[in-house]
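S.K.: Please see the structure below; I have some questions.
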Amino acid sequence: MTDRQQVGLRIRRLREEKGCSREELSALVGISPRALREIEAGKREFSAETLVKFSRVLSVSCDDIMLGAGPDRQGVAGFLYLLESFGPEKIKKMQDLLEVLGQVNDLVN
């Protein structure tokens, strides 16, 4: 399966999870239902502007559309994805925790 097909399947899955018809989503994004059908089938590319519109309408990040949802991510990208879901207080706690872990690492090494 090509990357374009995977992206199309993700858009279709997100649309269906939101309970949107193809006609509804295409109207909200500003493309034709035929264009959306071709995107979902992996037969058509779309612009960055359209990606942002999909992201806003489907209430997901552009990364989720292009790369897939969070649980499959690893490394720095997965960590950044997780941080996006935290509020300011939780981010501060994470910073404090990382600082302590860094100090412990310095003592051990």
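The values are calculated or read from the model by the stated rules, or taken from the named source; none is laboratory data. Just so we're clear, the structure is a prediction, and the values are computed from it rather than from any experiment. Note: ideal-geometry Cβ built from the backbone for every residue, glycine included; neighbour counts use all protein chains shown.
S.K.: Does region 4-12 contain at least one residue that is closer than 17 Å to Gly68 by Cα, more than 15 Å from the chain's Cα centre (by Cα) and not basic (Lys, Arg)?
M.R.: yes
S.K.: Report, ordered by the first and then the second residue, all pairs with beta carbons closer than 6 Å, sequence separation of six or more or different chains, a first member in region 81-103 that is surrounded by 10 or more Cβ atoms within 10 Å (Cβ to Cβ), and a second member that is not hydrophobic (A, V, I, L, M, F, W, C).
M.R.: Listed pairs, sorted by first residue: Tyr81/Gly70; Tyr81/Arg73.
S.K.: Tell me which residues, restricted to region 17-39, are at pLDDT below 95 and in a helix (DSSP H, G or I).
M.R.: Passing the criteria: Glu17, Lys18.
S.K.: OK, next. Within region 19-67, work out how many residues are closer than 22 Å to Thr2 by Cα, out of contact with any Asp or Glu (no Cβ under 9 Å at 6 or more places or on another chain), surrounded by 14 or more Cβ atoms within 10 Å (Cβ to Cβ) and among the small types (Gly, Ala, Ser).
M.R.: 1
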